[in-house]
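The values are calculated or read from the model by the stated rules, or taken from the named source; none is laboratory data. Source: prediction; values computed, not measured. When we count neighbours, we look across all protein chains shown, and the Cβ atoms used for this are built from the backbone with ideal geometry, even at glycine. These area figures cover heavy atoms from the full protein model, side chains too; ligands, DNA and RNA do not enter into them. Shrake-Rupley method; radii C 1.70, N 1.55, O 1.52, S 1.80 Å.
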Amino acid sequence: MTTRGAGRGVCLPPSARRGTISQVTSSPVAAQHLRDLARLRRVRDLARLRRVRDRIDREYAQPLDVEALARGAHMSAGHLSREFRLAYGESPYAYLMTRRIERAMALLRRGDLSVTEVCFAVGCSSLGTFSSRFTELVGMPPSTYRRLAARATAGMPSCVAKQVTRPVRNREAPVSEPQLA
């Protein structure tokens, strides 16, 4: 009987199907070889994941979706999502939206663009989704943030303002409304 995860055409007895590498292989050298191959695959996957993350950082304003990112990394969308979450603690989509919200915060602090213009400038196609995600990460709607942040960061260097106003990642914003001033 052939098992799915065991490799193509390899028959394993029922007792070996759920064992460790050394239980499944016949020699310690073969077991070490399988461990090395697994480690090599993990390193290649991590390199691909870094390229995906770098692409998101670079092209956040472009229309990106998980399928397009996965095709670029030569992975399936499901595998990319699982591995990205394991490596970075959030899904590729959540990471993309966080990047977009960070950029939106910077544009809103400038104060010369409307919320709708900022939404489209950072690559969001839906004002509702943008506003919901912004509120979830920052703790207030974009219009409120725009009004408060312009005053709170006046005279502050942009590099400092970016650090001080960075959105919360991997968890929701506090329930109470934060005070920027």
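Table for the structure above
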{"item": "Boolean, residue 181 is open to solvent by less than 30 Å² (accessible area, probe 1.4 Å), modelled with pLDDT under 90 and touching a helix residue (DSSP H, G or I) at 6+ places or on another chain (Cβ under 7 Å)", "result": "no"}
{"item": "Extreme residue, surrounded by the fewest Cβ atoms within 10 Å (Cβ to Cβ), among residues of the range 123-140 that are out of contact with any Phe, Trp or Tyr (no Cβ under 7 Å at 6 or more places or on another chain) and either of a type in the set (Phe, Trp, Tyr) or part of a loop (DSSP other than H, G, I, E, B) (or both)", "result": "125"}
{"item": "Residue selected from the range 88-122 under the condition within 30 Å of residue 46 (Cβ to Cβ) and acidic (Asp, Glu), by the criterion most open to solvent (accessible area, probe 1.4 Å)", "result": "102"}
{"item": "Any hit, the range 99-122, residues being closer than 15 Å to residue 133 by Cβ, more than 11 Å from the chain's Cα centre (by Cα), in a loop (DSSP other than H, G, I, E, B) and touching a residue at least 40 places away in the same chain (Cβ under 8 Å)", "result": "yes"}
{"item": "Some residue of the range 74-87 being surrounded by fewer than 17 Cβ atoms within 10 Å (Cβ to Cβ) and within 29 Å of residue 159 (Cβ to Cβ)", "result": "yes"}
{"item": "Candidates 100, 48, 58 - the one that is charged (D, E, K, R) and either more than 21 Å from residue 125 (Cα to Cα) or modelled with pLDDT under 65 (or both)", "result": "48"}
